[in-house]
Amino acid sequence: MKVRTLEQLGTLAEHLRTARDHKPCVRVCGGTGCRARGSEEVLARFQALLQEEGLAETVELKFTGCHGLCERGPLVSLAPQEIFYQSVEADDVRAIVTETLRRGVVIERLLAQDPATGRRVRREQELPFYRRQYRVVLRFNGVIDPTDIREYLALGGYRALGTVLTRMAPDEVIELIERSGLRGRGGAGFPTGKKWRLARAAPGAHKYVICNGDEGDPGAFMDRSVLEGNPHSVIEGMAIGAYAIGATHGIIYVREEYPLAIRTLEIALAQAREYGFLGEEIFGSAFSFDIEIVRGAGAFVAGEETALIAAVEGKVSEPRQRPPYPVHRGVWGHPTVINNVETWANVPIIIERGPEWFANLGTATSKGTKIFSLVGKVANTGLVEIPMGMTLRELIEEIGGGAPPPREIKAVQIGGPSGGCVPKALFDLPIDYESLTEAGAMMGSGGLIVMDDRTCMVDVARYFMDFLRDESCGKCLPCREGTHRMYELLTAICEGRATEADLELLEELAQVVKETSLCGLGQTAPNPVLTTIRYFRHEYEAHIRERRCPAGVCKALIRYVINPERCTGCLACLSPCPQGAIRGQLKQPHVIDQDRCIKCGICQEVCQFGAVEVV
């Protein structure tokens, strides 16, 4: 069926809402993280047991998008009982069906534990991880089946598009987005409304809107999770943006490494066409619009707008000089608006709730919420959405749960591989565009990697520089040669071969690359180097002056030794050693042969008495 009017959409939504609300519902997390831990097997077991118990018609079963708390997956939630089960295995499903669904008994061992009180809690919102979040873009993740458009419609989906097409002029839509203060969530934070206005004013009969779903940051999965869990919010946002600037064609550029996101998008696009939200004369208006998917080859540089345009056109992903900007000369020379997944997904809810509502979230210059992928040495890894202005400390220690004992957090890398490393001393910094930039980091697309006291910051800088030099397109000399040379200098420092002059050269070179590179990749590539030197210079100096790695990470500067006072002679470390470098008799202190030791650290991992030390 095709929806032609707002009234028809309202009637359909009410019917779907009534139909979905009268049944108990089991929601199994179908995000990539939970799938990796076995949620597909959990879903299959639910399907079989509900059929076996005669509950298939009376209990609704959904495979949803990411619930967020990836650390505890697979996750299962039950409505309307508001029961949240974590670390669910296929063998647990029978107990859930027979005890919880049949008898209403809560299975305590499957409940999450509040780390502050130690008690088991039954609702998601009782956990600090969820309690401190404010979910806007992720409001339907974990709630709806992303492959069924009726789920989205029942919760008000496509009502914003209908309102725009039947009651608003394009300039009114742009003005509303401007008043909201929405800024691009892809990294630079450019005002979305301003970008749209420039594109609308640009001459040209053909215009395009593009969703940048490339997301090449290591450890980042924000955009992927939105595409997997609520693709219609992105489609609806793109349609609204296309109407505002006068475009008739949209492109979703998503990397080939995201097969689940691509499959979910393909289903969503087909359903949107079936219901008339894409195609000709949408909502009975003169506006026609459709979207295609273009698969990316996984080049990190394609996240830059002009490089992405080149990829869409079938060319090598290389950036070009700007101006002209894409809003004036984009895909095939036509005016083009490029926003990332999270930006587009914000648009429908801004239309629905109003620009003032959105502007009241966040700070004076950074409005709304931001999604982060919280990973690394933190207790609760996962997908997090918070209001702008929350401090790093609140995000890492309260939502993330801090570092698992006995470790302590040292720093956080924010903004992806081109972001900066912020030390624990600055964790009271508010998360907004200006504050992070002042600290030498950046918002980026939302990757956030937590590092503990076992992390060598020089090695961290080397890791990211290795990634960035490999991902450089090589078009401009500063980035092509500068990132490679910075990697070589960092390697020399980690191996104890560097001098004080090398450190000075590294710092100077980083500044030159930052100021002279062609595109955003090269301009931000030195951030990991500059911030680690700025905040952790003492670690660089220890590597150079003392030939010592304070964190005990850089292999060339450490030795593994066995403390005879702690060694019980249990023999546990002998057989795991791949080089046979450990000698010793039962109940006698062991010794490591330094000539044979390759410093793999296995002996330290298997020792239960803390006898293996790094010096």
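The values are calculated or read from the model by the stated rules, or taken from the named source; none is laboratory data. On a predicted model such as this, the values are computed, not experimentally measured, just so you know. Using ideal geometry, Cβ is built from the backbone for each residue, glycine included, and neighbour counts are taken over all protein chains shown. Surface areas here come from the heavy atoms of the whole protein model, side chains and all, with no ligands, DNA or RNA. Shrake-Rupley method; radii C 1.70, N 1.55, O 1.52, S 1.80 Å.
Being over 30 Å from P405 (Cα atoms) and crowded, with 22+ Cβ neighbours inside 10 Å holds for only one residue in T483, T491, and it is T483. Within segment 471-491, take every residue that is of a type in the set (D, E) and modelled with pLDDT of 95 or more and give me the one that is farthest from L308 (Cα to Cα). Taking the candidates together, the pick is E488. In segment 231-244, the residues that are within 19 Å of R200 (Cα to Cα) form Cβ pairs under 6 Å with partners that are β-branched (V, I, T) and not in a helix (DSSP H, G or I), at six or more places apart or across chains, as follows: M238/V209; G241/V209; A242/V209.
For R273, the conditions (1) among the charged types (D, E, K, R); (2) open to solvent by 10 Å² or more (accessible area, probe 1.4 Å); (3) under 22 Å from M222 (Cα atoms) are fulfilled apart from (3).
Annotation: of all residues in segment 165-186 being open to solvent by less than 30 Å² (accessible area, probe 1.4 Å) and at pLDDT below 95, the one that is nearest to the chain's Cα centre (by Cα) is R185. In summary, helices (runs of 4 or more DSSP H) completely within segment 2-56 and bearing 2 or more residues that are in contact (Cβ under 8 Å) with a residue 12 or more places away in the chain and farther than 30 Å from T166 by Cβ occur at 32-36, 39-52. Looking only at segment 408-431, decide whether some residue is in a loop (DSSP other than H, G, I, E, B), of a type in the set (D, E, K, R) and closer than 26 Å to G216 by Cβ. Within segment 408-431, not a single residue is in a loop (DSSP other than H, G, I, E, B), of a type in the set (D, E, K, R) and closer than 26 Å to G216 by Cβ. Is it true that G241 is crowded, with 18+ Cβ neighbours inside 10 Å and assigned to a strand (DSSP E or B)? Here the answer is no, as G241 does not meet what is asked.
Annotation: F372 fulfils all but one of (1) assigned to a strand (DSSP E or B); (2) farther than 25 Å from E539 by Cβ; (3) open to solvent by 10 Å² or more (accessible area, probe 1.4 Å); the unmet one is (3).
Filtered by the rule that a residue be hydroxyl-bearing (S, T, Y) and either at pLDDT below 95 or not assigned by TED's automatic domain parsing to the domain that holds A95 (or both), segment 42-68 gives a lone residue, T58.
Evaluated against (1) outside any strand (DSSP E or B); (2) open to solvent by 20 Å² or more (accessible area, probe 1.4 Å); (3) more than 19 Å from Q133 (Cβ to Cβ), I96 falls short on exactly one condition, (2).
In segment 469-502, the residue that is farthest from the chain's Cα centre (by Cα) out of those that are farther than 24 Å from E541 by Cα and touching a residue at least 60 places away in the same chain (Cβ under 8 Å) is K475. Listed by first and then second residue, the pairs linking a residue in segment 295-318 that is at positive phi to a residue that is charged (D, E, K, R), with Cβ atoms under 9 Å apart and 6 or more places separating them unless they lie on different chains, are G298/D214; G298/R255; G298/E256; G298/E257. The number of residues in segment 99-140 being in a loop (DSSP other than H, G, I, E, B) and either among the hydroxyl-bearing types (S, T, Y) or closer than 30 Å to P231 by Cα (or both) comes to 13. In this structure, is F63 closer than 16 Å to L260 by Cα and touching a helix residue (DSSP H, G or I) at 6+ places or on another chain (Cβ under 6 Å)? Yes; evaluated as a whole, the condition is true for this residue. Residue pairs whose Cβ atoms lie under 6 Å apart, separated by 6 or more positions or on different chains, with the first residue in segment 70-91 and at positive phi and the second surrounded by 15 or more Cβ atoms within 10 Å (Cβ to Cβ), are E82/R123; S87/R72.
The rows are residues; the columns are (1) over 28 Å from L265 (Cα atoms); (2) of a type in the set (K, R); (3) within 25 Å of the chain's Cα centre (by Cα).
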{"position": "K23", "(1), (2), (3)": "no, yes, no"}
{"position": "T32", "(1), (2), (3)": "no, no, yes"}
{"position": "G65", "(1), (2), (3)": "no, no, yes"}
{"position": "G73", "(1), (2), (3)": "no, no, yes"}
{"position": "Q86", "(1), (2), (3)": "no, no, yes"}
{"position": "V97", "(1), (2), (3)": "yes, no, no"}
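Determine whether T365 is open to solvent by 10 Å² or more (accessible area, probe 1.4 Å) and either among the hydroxyl-bearing types (S, T, Y) or in the same structural domain as E385 (by TED's automatic domain parsing) (or both). Yes, satisfied. Filtering segment 432-457 to residues that are in a loop (DSSP other than H, G, I, E, B), touching a strand residue (DSSP E or B) at 6+ places or on another chain (Cβ under 6 Å) and open to solvent by less than 10 Å² (accessible area, probe 1.4 Å) leaves A439, A441, G446.
Restricting attention to segment 411-431, the residues being open to solvent by 40 Å² or more (accessible area, probe 1.4 Å) and either within 19 Å of the chain's Cα centre (by Cα) or not small (G, A, S) (or both) number 4. Identify, by number, the condition in (1) modelled with pLDDT of 95 or more; (2) under 28 Å from the mean Cα position of the chain (by Cα) that D223 doesn't meet. Going through the list (1) modelled with pLDDT of 95 or more; (2) under 28 Å from the mean Cα position of the chain (by Cα), D223 breaks only (1).
Go through segment 375-393 residue by residue and tally those that are assigned to a loop (DSSP other than H, G, I, E, B), open to solvent by less than 30 Å² (accessible area, probe 1.4 Å) and of a type in the set (A, V, I, L, M, F, W, C). So that I can check it myself, show each step before the final result.
So in segment 375-393, the residues assigned to a loop (DSSP other than H, G, I, E, B) come out as 377-381, 388-390.
Adding the requirement that they be open to solvent by less than 30 Å² (accessible area, probe 1.4 Å) leaves 378, 380-381, 388-390.
From what is left, the residues that are of a type in the set (A, V, I, L, M, F, W, C) are 378, 388, 390.
Of the residues in segment 375-393, 3 are assigned to a loop (DSSP other than H, G, I, E, B), open to solvent by less than 30 Å² (accessible area, probe 1.4 Å) and of a type in the set (A, V, I, L, M, F, W, C).
Tallying residues that are open to solvent by 20 Å² or more (accessible area, probe 1.4 Å) and either under 25 Å from the mean Cα position of the chain (by Cα) or not basic (K, R) (or both) within segment 134-164 yields 10.
The selection criterion, being modelled with pLDDT of 95 or more, open to solvent by 20 Å² or more (accessible area, probe 1.4 Å) and over 28 Å from K514 (Cα atoms), holds for R353.
Scanning segment 181-202 for residues that are without any contact (Cβ under 8 Å) to a residue 60 or more places away in the chain and out of contact with any Lys or Arg (no Cβ under 7 Å at 6 or more places or on another chain) turns up G193, K194, R197, R200, A201. Across segment 546-582, the qualifying residues are those that are of a type in the set (K, R) and in contact (Cβ under 8 Å) with a residue 12 or more places away in the chain, and the one among them that is nearest to C600 (Cα to Cα) is K555.
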